[in-house]
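One structure is given here, and the rest of the page talks about it.
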């Protein structure tokens, strides 16, 4: 009996390739089947994930148990933006905190965090990081800052 289990092929339904095949097949059937509006709709799993992420941000709890840490908030907001969720909808469930004052250490930490994770700049607002701090950390270009290689015109 043990020999039969060892020779049995592993289940590949959950592999990323199989999941992508199913998603593409559903979209292909929707588009060619005359349901073109369904092509922009999220599939069932992704829609459930989107709802869960919004609920967790609203309740400030991960899976209904522990409180979300600032990094958890960044990850969830970034995922929602990647799924195409409008920023206004996220702001409805998660209030943007007042911007905190930043020290040199905070600016350096945000620079390293952005380099490691590559979050979208608008996600940092949801943990109280101001746009000026993002500019100092090199996440976004500061207004009025000169870009290398550009010359100002003489007035």
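The values are calculated or read from the model by the stated rules, or taken from the named source; none is laboratory data. All figures in this text were calculated on a predicted structure; none of them were measured in a lab. Heads up, the Cβs are rebuilt from the backbone with ideal geometry, glycines too, and the neighbour counts pull from every protein chain shown.
Selection of segment 132-152 for residues being closer than 23 Å to residue 109 by Cβ and either surrounded by 16 or more Cβ atoms within 10 Å (Cβ to Cβ) or at pLDDT below 90 (or both) yields 133, 134, 135, 136, 137, 139, 140, 141, 142, 143, 145.
Candidates 100, 26: the one that is surrounded by 14 or more Cβ atoms within 10 Å (Cβ to Cβ) and in contact with a helix residue (DSSP H, G or I) (Cβ under 9 Å, 6 or more places away or on another chain) is 26. Checking each residue in segment 1-52 for being at pLDDT 75 or above and either touching a strand residue (DSSP E or B) at 6+ places or on another chain (Cβ under 8 Å) or not in a helix (DSSP H, G or I) (or both) picks out 14, 15, 33. Reported count of residues in segment 61-81, each being part of a helix (DSSP H, G or I) and either closer than 17 Å to residue 109 by Cα or in contact (Cβ under 8 Å) with a residue 24 or more places away in the chain (or both), is 11. Residue-level analysis places residue 80 outside the set of residues that are at pLDDT 85 or above, surrounded by 13 or more Cβ atoms within 10 Å (Cβ to Cβ), within 30 Å of residue 114 (Cα to Cα) and touching a strand residue (DSSP E or B) at 6+ places or on another chain (Cβ under 9 Å).
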